[in-house]
Amino acid sequence: MRIFLSILALVTLTNFALWAQKDKKVPPPAAVPAKAEKPTVHQSSTYSGLSLRSIGPAVTSGRVSDFAVNPRNHAEYYVATSSGGVWKTNNAGTTWVPIFDGQGSYSIGCVALDPSNPSTVWVGSGENNNQRAVSYGDGVYKSENGGKTWRNMGLKASEHIANVVVDPSNSNIVYVAAYGPVWSDGGERGVYKSTDGGETWTNVKSVSAYTGCSNLIMDPRNPQVLYAAFHQRQRKVYTYIGGGPESALYKTTDGGATWKKLDGLPGGDVGRIGIDLSPANPDYVYAVVEASEGKGGVYRSTDRGASWEKMSGVFTSGNYYQELTCDPRDVDRIFITDSYYKVSDDGGKTVRNLGEINKHIDNHCIWIDPGNTNHLRVGCDGGIYESWDFAKSWEFKHNLPVTQFYKVATDNGLPFYHVHGGTQDNLSLGGPSRTTSDNGITNADWYVTSTGDGFETQVDQTNPDIVYAQSQYGGLSRFDRKSGQSVFIKPLEGENEPALRWNWDAPLTISNFSSTRVYFGANKVFRTDKKWTSCLAYPTTATCTRLSLHATIKTALTSASTTTATATLNPTCSKPAMGAKPGNPSAPLCRSEAVCTASPRITSIPTCCFVAPSLASFSPKMAAKPGFNSSPVCPPLRCATSTSSAAKTTWSSLLLAVASTSWMTIRPYGTSKRKLSIRRRPSSR
C-alpha cells in the first residue's frame, strides 16, 4: 500500500510540473542579426564575366631586357621584357606567345636556358637596371616544360635579378646574381647557389646591405670558375647614388666556396661593372668600368683576371646600360650596351657605334649567332631588331605588344572611344578601343600625338580630336587629330624670372566646366583659357639636408633648394566654389589667388615621404584618400583630408613640400562638381 501511494504521489507531482511548465511563457530565442550584404559593386561576381583583351599597340613595341635562344634551334627563343613579362617564339619572331602572364611579376630582368635541357627555362624577375621607372620582381621562376607552367623558386626579397647561370654538367647546380632592392638597403643581395635545382639557396658571396651582384659569368671550360661583378647603388626620389667603394669584381675557382677580389681594376668610388669572357678564348676577360676622375673605361685581362690592361676610357651609364658581350668567334670583338650600341674590333682600344639606321636606340641586350656572327638580335627600348648583315640594316619585330605606358586616358569618340597614353621612350600614342574590321585592332590604327618620352595625355571631352600630350620636362603639345596639326604650348618663364622647374612627368588636367581650360604643373601651377597664367603664387623657399645613404658614400650628404606651399584652388568662378579660404568657407579662390597657410591634419605621416595619388571619393562623404610613400625622401610632406556633405563641399588646405625639380598634380574627379587631388611624383631617372 505504501509503495502504491508513493507511486501515485510521484505521478501527481510530475503532471503538475509539466502543466506548470506548459503554462509558463518561454521567451523566444534572441534574433541573430542578418549579415550585411556587400553592395553589388563590391561583389566579385559582378565582374566575373569580364575578361581583359589586348588592344596593342605593337607599333613601337617596348623595352627588352634579355634573350635566351635555344642552342639547338635558333628560331626558338625567349624574350624577357622590362614591363611586359616573358614571350616565346618558335618561328624566329613570326608569331609570339606570352607565357608569363599568370605569374607574380611583369617586370623581368633575365631569362636563361639549362644548357643540358633547353626545355628548362629560368626567369629572374625585376628589371636589372636602376632608372626611375624600374619595376621590382618577386624572385626566381623555373619552368621544366618550355614555359607552359612555372614555379616560383624563391629569392623574393632580391626584387631585381641580374643573371641566372646553370652548370652545364649538372642541372641541379644553379647560380643567381641577386642585384637587390633599388629603393632601399637590405633584401637578398649577392651570389646565391642551389645544389638541388632551386629548391633551396645558399648565399655564397655577399658584400653589404647596399651592394648586390649585377653580373655573373661562368667559365665555359670549368663550371667551378665564376666571375661576379658587385655594384653599390641606391635610388631615392631626389637622387641616384650610382656607385661607391664596394663596387668590385670577384672570382671563385671552387664553385663559390671562396672568393677573391680581383686587383688591377679601379678602386675608390666605382659604379657598375660589365663583364664577359671571350668564348673564343676564356682566358680573355673583359670589363667595362664606370668610374670618375679618368679611371673608367674598358679593361682586358689575358690571364683569367690575374692582371688587367686599360684599353680605352670608354664606358656608359650604369643607371641604364653598362653591359658587355663578347663575340663568340673573335677574341678582340666586344659589344657594350648604350644609347647607340658600341662595338670594338681591337679589344676595346677603339670603340665605334654599331649602327642604328632605321632602328630604335637605347640598347640593353644582344645575341650573336655563333654560326654566323653577322646575324644579330638586339633588344632595346623599342623592342627587338634583327640584322643579317652586321647592323647595316635591321628588321623590326612589329608584332610584340610590350609598350610601357606611364598613364592612359580615354576620349568620348564614337562609335568606339579611343585610348591615349604616354609611353616610355616611345612617344605619346592614341588608338581605338575596338574597330569594325575582322582583323581587329592593327598597328595602322594607332597614331602619334607627341614625341619623346610620352607622359600624361588629356583629351577634350567635348571634341575627341583635340588631344593634349606631353614629353618630358613639360613639353606640352596640343594635337588636332582631324588636321594633323601639332602646336607646342609649354608655359615659359617671363623675362627676368627664375627658370621653371619641371618634373620628368609633369601633371596635366582639363577643367570639367570648360574644355579650353587646361591646368599644368611645374614648381607652380598654370592654367590657360587662351594664354597661360599662374594660379599658384611662388611658394616659399627652404633648405633641406638629406641623410647619408651610407657612411662611405660621401657624396650622398647634400642639400637642395626646396619649396613649400599650401593652396586650395577654385577652377572656375562661375561655378560653386570647391576651394575656400580657411575660416571663410563661402569665399571662393579664383584665378591666380592662392592661400598659403600651414595646416597639417594627418599627424601619422612618416617624417620623410612623398604623396602618392590622392583620390577623391565618389561616396556621399566625399573623403579624399591620399597615399604616402615612406621611402626616405627630402623634404617631408603633409596632406590634409577633405570631406563634404551632399549639400555643401569644403576643402581644407593641403600642405606640400615641393622638390626642386617640380612636383604637383591637380586632378579632377566627377562630372558635375570639381574635386581636387594633389600628388608628388619621383623626379630623377
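For (1) under 19 Å from Val86 (Cα atoms); (2) not hydrophobic (A, V, I, L, M, F, W, C), each residue gets a yes or a no:
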| position | (1), (2) |
| --- | --- |
| Val134 | yes, no |
| Thr149 | yes, yes |
| Gly154 | yes, yes |
| Asn163 | yes, yes |
| Val176 | yes, no |
| Tyr179 | no, yes |
| Asp185 | no, yes |
| Glu188 | no, yes |
| Val204 | no, no |
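Based on this model, can you work out whether Glu495 counts as assigned to a loop (DSSP other than H, G, I, E, B) and in contact with a Leu (Cβ under 7 Å, 6 or more places away or on another chain)?
Working: assigned to a loop (DSSP other than H, G, I, E, B): yes; in contact with a Leu (Cβ under 7 Å, 6 or more places away or on another chain): no.
Spelling it out, it is not the case that Glu495 is assigned to a loop (DSSP other than H, G, I, E, B) and in contact with a Leu (Cβ under 7 Å, 6 or more places away or on another chain).
If you check Asn152, Asn170 for being assigned to a strand (DSSP E or B) and open to solvent by 20 Å² or more (accessible area, probe 1.4 Å), only one passes: Asn152. Checking the range 471-482 against the condition returns a match, with at least one residue being within 28 Å of Val378 (Cβ to Cβ), touching a strand residue (DSSP E or B) at 6+ places or on another chain (Cβ under 9 Å), touching a residue at least 12 places away in the same chain (Cβ under 8 Å) and not in a strand (DSSP E or B). Within the range 236-247, the set of residues being within 19 Å of Gly274 (Cβ to Cβ) and open to solvent by less than 10 Å² (accessible area, probe 1.4 Å) comprises Gly244, Ser247. Residue count for the range 36-72 satisfying the condition of being free of Cβ contacts under 8 Å to residues at least 12 places away in the same chain, part of a loop (DSSP other than H, G, I, E, B) and more than 25 Å from the chain's Cα centre (by Cα): 9. Is there a residue being buried (at least 17 other Cβ atoms within 10 Å of the Cβ) and within 30 Å of Asn503 (Cβ to Cβ) anywhere in the range 116-126? Yes, some residue in the range 116-126 is buried (at least 17 other Cβ atoms within 10 Å of the Cβ) and within 30 Å of Asn503 (Cβ to Cβ).
For the range 511-557, filtered to residues that are among the basic types (Lys, Arg) and open to solvent by 70 Å² or more (accessible area, probe 1.4 Å), the residue that is modelled with the highest pLDDT is Lys531.
Condition check ((1) open to solvent by 50 Å² or more (accessible area, probe 1.4 Å); (2) over 26 Å from Ser247 (Cβ atoms); (3) touching a helix residue (DSSP H, G or I) at 6+ places or on another chain (Cβ under 8 Å); (4) in a loop (DSSP other than H, G, I, E, B)) across all residues:
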site: Tyr136; (1), (2), (3), (4): yes, no, no, yes
site: Tyr141; (1), (2), (3), (4): no, yes, no, no
site: Asn145; (1), (2), (3), (4): yes, yes, no, yes
site: Ala157; (1), (2), (3), (4): no, no, no, no
site: Asp196; (1), (2), (3), (4): yes, yes, no, yes
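Being charged (D, E, K, R), out of contact with any strand residue (DSSP E or B) (no Cβ under 6 Å at 6 or more places or on another chain) and at pLDDT below 95 is true of Glu293. The residue of the range 102-112 that is surrounded by the fewest Cβ atoms within 10 Å (Cβ to Cβ), among those that are modelled with pLDDT of 95 or more and part of a loop (DSSP other than H, G, I, E, B), is Gly104.
Just give me the residues in the range 135-155 being of a type in the set (D, E, K, R) and within 14 Å of Cys110 (Cβ to Cβ), in sequence order.
So in the range 135-155, the residues of a type in the set (D, E, K, R) come out as 138, 142, 144, 148, 151.
Scanning the range 135-155 gives a single hit, Lys142.
Filtered by the rule that a residue be open to solvent by 10 Å² or more (accessible area, probe 1.4 Å) and either outside any loop (DSSP other than H, G, I, E, B) or without any contact (Cβ under 8 Å) to a residue 40 or more places away in the chain (or both), the range 372-390 gives Asn372, Asn374, Tyr385, Trp388, Asp389, Phe390. Every condition in (1) in contact (Cβ under 8 Å) with a residue 60 or more places away in the chain; (2) among the small types (Gly, Ala, Ser); (3) not in a loop (DSSP other than H, G, I, E, B) is met by Ala177 except one, and the failing one is (1).
Filtered by the rule that a residue be modelled with pLDDT under 95 and open to solvent by 60 Å² or more (accessible area, probe 1.4 Å), the range 47-79 gives Tyr47, Ser48, Gly49, Leu50, Ser51, Leu52, Arg53, Ser54. Do we find that Val467 is modelled with pLDDT under 90 and open to solvent by less than 20 Å² (accessible area, probe 1.4 Å) in this structure? So Val467 does not fit the description; no. Ala92 fulfils the conditions (1) open to solvent by less than 20 Å² (accessible area, probe 1.4 Å); (2) closer than 20 Å to Glu395 by Cβ except for a single criterion, (1).
Working carefully through the options Gly268, Gly274, Gly264, find the one that is farther than 19 Å from Pro328 by Cβ and under 32 Å from the mean Cα position of the chain (by Cα). Walk me through it before giving the result.
Values: Gly274 fails: farther than 19 Å from Pro328 by Cβ; Gly264 fails: under 32 Å from the mean Cα position of the chain (by Cα).
After ruling out the rest, the residue left standing is Gly268.
Annotation: Ser82 fulfils all but one of (1) under 21 Å from Thr149 (Cα atoms); (2) of a type outside the set (Phe, Trp, Tyr); (3) modelled with pLDDT of 95 or more; (4) surrounded by fewer than 10 Cβ atoms within 10 Å (Cβ to Cβ); the unmet one is (4). For the structure I just gave you, tell me whether Ile161 is among the hydrophobic types (A, V, I, L, M, F, W, C) and in contact with a Pro (Cβ under 9 Å, 6 or more places away or on another chain). Considered against the rule, which asks whether it is among the hydrophobic types (A, V, I, L, M, F, W, C) and in contact with a Pro (Cβ under 9 Å, 6 or more places away or on another chain), Ile161 comes out as no. Quick check: is even one residue across the range 450-464 within 18 Å of Gly413 (Cα to Cα) and assigned to a strand (DSSP E or B)? Taking every residue of the range 450-464 in turn, at least one turns out to be within 18 Å of Gly413 (Cα to Cα) and assigned to a strand (DSSP E or B).
Looking only at the range 260-272, filter to residues that are open to solvent by 10 Å² or more (accessible area, probe 1.4 Å) and among the aliphatic types (A, V, I, L, M); which one of those is nearest to Phe315 (Cα to Cα)?
Leu265
From the list Val289, Val298, which one is β-branched (Val, Ile, Thr), open to solvent by less than 40 Å² (accessible area, probe 1.4 Å) and over 15 Å from Lys349 (Cβ atoms)? Matching residue, one of Val289, Val298: Val289.
Please pick out the residue among Gly313, Gly274, Gly268 that is modelled with pLDDT under 95 and not charged (D, E, K, R). Steps first, please.
Details: Gly313 fails: modelled with pLDDT under 95; Gly274 fails: modelled with pLDDT under 95.
On inspection, the qualifying residue turns out to be Gly268.
Only residues that are of a type in the set (S, T, N, Q) and either surrounded by fewer than 18 Cβ atoms within 10 Å (Cβ to Cβ) or over 16 Å from Tyr299 (Cα atoms) (or both) were counted in the range 318-364, giving 6. The test for being modelled with pLDDT under 95 and either hydrophobic (A, V, I, L, M, F, W, C) or farther than 21 Å from Lys407 by Cα (or both) holds for Gly494.
The values are calculated or read from the model by the stated rules, or taken from the named source; none is laboratory data. This structure is a prediction, so every number in the text was calculated from the model and none was measured. We place every Cβ from the backbone using ideal geometry, glycine too, and count neighbours over all the protein chains shown. Please note that ligands, DNA and RNA were not included when accessible areas were found on the heavy atoms of the full protein model with its side chains. Shrake-Rupley method; radii C 1.70, N 1.55, O 1.52, S 1.80 Å.
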